[in-house]
């Protein structure tokens, strides 16, 4: 966990401070001197008594007590320095810029962990190693540029990559995105992105804390910590967007079941983000644009007016908003006619509202006022206004700034002429505004923000304790009777079935349940692929014939017999994904899950609303309404089964994988007809 020594130090020492500002130790010292730090500043340099005008000590042992140490020395020298600083100088905060640790070798990883041990033994906190440092309102402790002008109401950036943190700032600052603080956590030896987020949550001040947080992560080492504190911050009024990199299939492992093959660490990260209310992004540009959207008031609805003096960008933006499930509704009626009278001939107010290349600032004001006052089917506005460079547009951008301040409905500016009216855009940004130069990128960001669900209820995101193992189960795939027992105890309807060791037993069971029946080979993982499933058996003779065919399959000595049910095939599954916990998956069965991979996932514990959102996100959801004479499928009943599966994973945490495929659905009756469960007693 971070501490005050890292956030608000009263004294700082740069160990390895240098006159050469091309070196990390020199540049970080220069940034500290140019920044806002007003406390005591020291340097340790064995060859100098003064560095960049700052008093320098030849050895850390000669230092006075100091709150924060920023180390810019070779990795092999860091541990002795940390031992002296933590043990003798009362230092509680450490930022290690140096590389050569766990990212390089096993020896470096061991050194890294020994430093953590020393820091923690003295109640300290560590950022790094292998990072660019930290920027807070108190000090600029990084060895890179640019250093943003800090704004308490700007975004907080937390990055696992130092270079990426720099590039994110470089992408955002020219368009007016401001920063409140920046944390580069490097190797995250003690404090990672999740830990910084936890500190922000536990020290959140509704009066002064930043309300927009941007994350860049390549791994999620503490998923439940991230989930709990991200959801908590969002409930407090914050907005969080994140890039989670490292999603390629090359990193996935082979798995034996459909669920195992589908689910993976990125699937788990996606489910965690949805559960927490984090907006998922996939690039730096997406992240800074989403952060810019989050810095604005958000619309109360999903209906946009597109206001433009250029047709092409308006068409592209309208397409993008529609693709994101947002609306650009038609504007009609007397108020629309009255607005058109105030514009030049040839203008259109149908939405997009095109007031032509010759449109004036006054006309733009009339349009915004009408959208604000007269059109109840508009929740927000996007204004696209560039310039061919023939004349200044200061009056337009000044009016836009004024209307953004006074309008109840949010206004998002797209100012694409970043060369022709560069000065005017800079003046607009200097007023505290953010520009979105690309209308399509903005449209996608609006969609991401408005389509991300709110966090799940607190009880569904709280840290889970270690559940007691209440049932002793053998490892590996469970026998069918044990699978049925677990499902029935969970309240999940299962088709009546029996494992038979002789054809006579199969005939007897079929006479009890009634024909037709299905026979399945016992002991095969993928039965259909091996011809191990025979359907629509209507007589005792049919059972005899099916028995012979099944027993010809190598390794098969018994058969599972079930009455043959009909209905829409559904799929549900469970996959345990490391520290994330259990993923619950759902979709239509058959080709929809196996070939088209149309499925949705959620992280346990699953609420009813989360389960319904999963079902309603399926591309094949239209088939739930019933086609070709089939009865519609009850989404509520399917959601109830998903919630029961989630509860089962809490009761039996040893479940590693589970496939219910298919479940057969007719209306609200949904029955499992084939299931397998794999157990790992870890």
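Can you say whether residue 367 is in a helix (DSSP H, G or I), surrounded by 15 or more Cβ atoms within 10 Å (Cβ to Cβ) and in contact with a strand residue (DSSP E or B) (Cβ under 6 Å, 6 or more places away or on another chain), as far as the supplied structure shows?
yes
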Problem - Residue within the range 555-563 that is in contact with a strand residue (DSSP E or B) (Cβ under 9 Å, 6 or more places away or on another chain) and closer than 27 Å to residue 626 by Cβ present - result: yes
Practice task
Return the only residue of 334, 329, 392, 345 being surrounded by fewer than 18 Cβ atoms within 10 Å (Cβ to Cβ), touching a residue at least 24 places away in the same chain (Cβ under 8 Å) and more than 30 Å from residue 423 (Cα to Cα).
Solution key: 329
Practice task
Would you point out which residue out of 561, 593 is within 18 Å of residue 670 (Cβ to Cβ) and over 19 Å from the mean Cα position of the chain (by Cα)?
Solution key: 593
Problem - residue 612 being in contact with a strand residue (DSSP E or B) (Cβ under 6 Å, 6 or more places away or on another chain) and either modelled with pLDDT of 90 or more or crowded, with 22+ Cβ neighbours inside 10 Å (or both) - result: no
Fill in the blank from the handout: Those residues of the range 170-193 that are over 19 Å from residue 124 (Cβ atoms), crowded, with 23+ Cβ neighbours inside 10 Å and out of contact with any strand residue (DSSP E or B) (no Cβ under 6 Å at 6 or more places or on another chain) come to a total of 2
Fill in the blank from the handout: Looking across the range 546-571 at residues that are in a loop (DSSP other than H, G, I, E, B) and free of Cβ contacts under 8 Å to residues at least 24 places away in the same chain, the single one that is surrounded by the most Cβ atoms within 10 Å (Cβ to Cβ) is 552
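Is there a residue being under 28 Å from residue 377 (Cα atoms), part of a loop (DSSP other than H, G, I, E, B) and modelled with pLDDT of 95 or more anywhere in the range 303-323?
no
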Handout entry: Breaking point among (1) surrounded by 24 or more Cβ atoms within 10 Å (Cβ to Cβ); (2) in contact with a strand residue (DSSP E or B) (Cβ under 7 Å, 6 or more places away or on another chain); (3) not assigned by TED's automatic domain parsing to the domain that holds residue 91, for residue 127
Key = (3)
Practice task
Only residues that are under 17 Å from residue 382 (Cβ atoms) and either outside the structural domain of residue 403 (by TED's automatic domain parsing) or assigned to a loop (DSSP other than H, G, I, E, B) (or both): list them for the range 348-362, please.
Solution key: 349, 350, 351, 352, 355, 359
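Looking only at the range 615-634, filter to residues that are part of a helix (DSSP H, G or I) and over 26 Å from the mean Cα position of the chain (by Cα); which one of those is surrounded by the most Cβ atoms within 10 Å (Cβ to Cβ)? Walk me through how you get there before you give the answer.
First, pick out the residues of the range 615-634 that are part of a helix (DSSP H, G or I): 615-616, 619-625.
Okay, now just the ones that are also over 26 Å from the mean Cα position of the chain (by Cα), so 622-625.
Values: 622: 9, 623: 17, 624: 20, 625: 10.
For the range 615-634, the residue satisfying everything is 624.
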Practice task
Hey, can you tell me all the residues within the range 572-606 that are buried (at least 24 other Cβ atoms within 10 Å of the Cβ) and either in the same structural domain as residue 275 (by TED's automatic domain parsing) or outside any strand (DSSP E or B) (or both)?
Solution key: 593, 604, 606
Handout entry: the range 478-530, residues that are loosely packed, with under 13 Cβ neighbours inside 10 Å, over 44 Å from the mean Cα position of the chain (by Cα) and outside any helix (DSSP H, G or I)
Key = 501, 502, 514
Practice task
Filter the range 152-173 down to residues that are over 21 Å from the mean Cα position of the chain (by Cα) and in contact (Cβ under 8 Å) with a residue 40 or more places away in the chain and give me whichever is nearest to residue 115 (Cα to Cα).
Solution key: 152
Problem - Filtered residues of the range 421-442 (kept if assigned to a helix (DSSP H, G or I) and either under 19 Å from residue 316 (Cα atoms) or in contact with a helix residue (DSSP H, G or I) (Cβ under 6 Å, 6 or more places away or on another chain) (or both)) - result: 424, 428, 439, 440, 441, 442
Handout entry: residue 261, sole failed condition from (1) in a helix (DSSP H, G or I); (2) surrounded by fewer than 20 Cβ atoms within 10 Å (Cβ to Cβ); (3) at pLDDT 95 or above
Key = (3)
Completion exercise
Scanning the range 395-445 for residues that are within 30 Å of residue 377 (Cβ to Cβ), surrounded by fewer than 16 Cβ atoms within 10 Å (Cβ to Cβ) and more than 34 Å from the chain's Cα centre (by Cα) gives 395, 398, 402
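Residues checked against (1) outside any loop (DSSP other than H, G, I, E, B); (2) outside the structural domain of residue 332 (by TED's automatic domain parsing); (3) touching a strand residue (DSSP E or B) at 6+ places or on another chain (Cβ under 8 Å):
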| site | (1), (2), (3) |
| --- | --- |
| 381 | yes, no, yes |
| 390 | no, no, no |
| 399 | yes, no, no |
| 409 | no, no, yes |
| 413 | yes, no, yes |
| 419 | no, no, no |
Handout entry: Of residues in the range 99-122 being in contact (Cβ under 8 Å) with a residue 40 or more places away in the chain and either in contact with a helix residue (DSSP H, G or I) (Cβ under 9 Å, 6 or more places away or on another chain) or assigned to a loop (DSSP other than H, G, I, E, B) (or both), the one surrounded by the most Cβ atoms within 10 Å (Cβ to Cβ)
Key = 112
Exercise for the section: Look at the range 644-656 and say how many of its residues are touching a helix residue (DSSP H, G or I) at 6+ places or on another chain (Cβ under 6 Å) and crowded, with 23+ Cβ neighbours inside 10 Å. Expected result: 0
Fill in the blank from the handout: When residue 277 is run through (1) within 17 Å of residue 412 (Cβ to Cβ); (2) touching a strand residue (DSSP E or B) at 6+ places or on another chain (Cβ under 8 Å); (3) at pLDDT 95 or above, the failure sits at (1)
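The values are calculated or read from the model by the stated rules, or taken from the named source; none is laboratory data. Since the structure is predicted, the reported quantities are computational estimates derived from the model, not experimental observations. Virtual Cβ from ideal backbone geometry, glycine too; neighbours counted across all protein chains shown.
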